[in-house]
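Notes to accompany the following structure.
The values are calculated or read from the model by the stated rules, or taken from the named source; none is laboratory data. In this text the structure is predicted, and so the values were computed from the model without any measurement. No Cβ is skipped: glycine too gets one built from the backbone with ideal geometry, and neighbour counts run over all protein chains shown.
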Amino acid sequence: MKFTFSILICITLVTSQKSFSQGVIDTSILQLRYNYSYIIDTSTKEMAYNEPMILEIGYKSSKYYNYYRKIGDSLLLIDLQSGKINITNAPSQIISNPGYYQKKNPSIIFQNFPNGYITEQTKLIKDYEFSEIMEKQIWELLPDSYNILGYNCQKAKTFFRGRSYEAWFAPDIPYQYGPWKFNSLPGVILKISDIKNNFIFECVEIVKSEPKRGIDKKEGLIKTTKKEFGLISQTYRENPQLLLNQFGAKIISIKDSNGNPVDINSKTIKKRKSYNPIELTTD
């Protein structure tokens, strides 16, 4: 069962979005748009989600993010700064406005930034940033070929973070990046999925970036470690109100997948089993 949480957030959390600034870390060369489909609840294949994702490739690094979330965050920041959103009623306005896309994947992943690292920025009540060593993934190249968007692609497979993957990369686009955290192939990865098809990334468009278009990075987030953020995420999944209490926020309503109200103290809430992380291991 999937549940939707409506959260009341204190004013300081809402207005904190004004303090973020943007820094440019690289110049964009290519932009690739992917259709990302994934399954949250493995007990039913009907729980598949689809999101448009963007991979920006620069001279030294790459940036991977949700297309709609970026639009929504930019619009939300403008509305907060202009006073269009009444601060007192901001939480309910943000939740009820589909144009802000706040239910979309908030994670932004930078590969090879800083040099030799992957940096992830994400939101869970507050905005966090953490880095990890950028692993050079070990791939087995296969003779199979497949055409994607006019590019002749070669097949490869690997095992990464607890899952087996099959990928198609384009040698004619000589950048060793791919969606999410995938890398190290002699060409951009245009399609990749785990062998159970729980997570599928498929490129649907490739365009050259505008001249001198910068790859930006949000500054001023809470710096943490991947392990510490994992513990925060686990707390939120198992007892969201416990974490919300620490930030002056509370759950004001919960609805099931059919839109019906659910008792906030229901044992069903505490026994949710729908979590299906893409990373089953941390190494």
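Points worth noting:
- Among the conditions (1) touching a residue at least 12 places away in the same chain (Cβ under 8 Å); (2) part of a strand (DSSP E or B); (3) surrounded by fewer than 18 Cβ atoms within 10 Å (Cβ to Cβ), the only one that GLU129 does not satisfy is (3).
- Neighbours by Cβ (under 8 Å, 6+ apart or cross-chain): first from the stretch 140-154, under 18 Å from PHE182 (Cα atoms); second among the polar types (S, T, N, Q): GLU140/THR158; LEU141/GLN154; LEU142/GLN154; CYS153/SER145; CYS153/ASN147; GLN154/SER145
- Selection count, the stretch 132-154, where residues are under 28 Å from ARG237 (Cα atoms) and either surrounded by 18 or more Cβ atoms within 10 Å (Cβ to Cβ) or modelled with pLDDT of 95 or more (or both): 3
- Residue that is surrounded by the most Cβ atoms within 10 Å (Cβ to Cβ) [pool: residues in the stretch 36-72 that are more than 13 Å from the chain's Cα centre (by Cα) and modelled with pLDDT of 95 or more]: SER62
- ASN105 meets each of the listed conditions (1) part of a loop (DSSP other than H, G, I, E, B); (2) modelled with pLDDT of 95 or more apart from (2).
- Single match in LYS157, LYS181, LYS191, LYS208 (criterion: surrounded by fewer than 17 Cβ atoms within 10 Å (Cβ to Cβ) and either within 16 Å of TYR64 (Cα to Cα) or in contact (Cβ under 8 Å) with a residue 24 or more places away in the chain (or both)): LYS208
- Which numbered condition ASP194 fails, given (1) under 22 Å from ASN276 (Cβ atoms); (2) of a type outside the set (Gly, Ala, Ser); (3) touching a Ser or Thr at 6+ places or on another chain (Cβ under 6 Å); (4) modelled with pLDDT of 95 or more: (3)
- Selected residue (only one of GLN246, GLN234 is farther than 30 Å from ILE29 by Cα, at pLDDT 75 or above and among the polar types (S, T, N, Q)): GLN234
- Of all residues making up the stretch 133-156, the number that are more than 23 Å from the chain's Cα centre (by Cα) and not in a loop (DSSP other than H, G, I, E, B): 15
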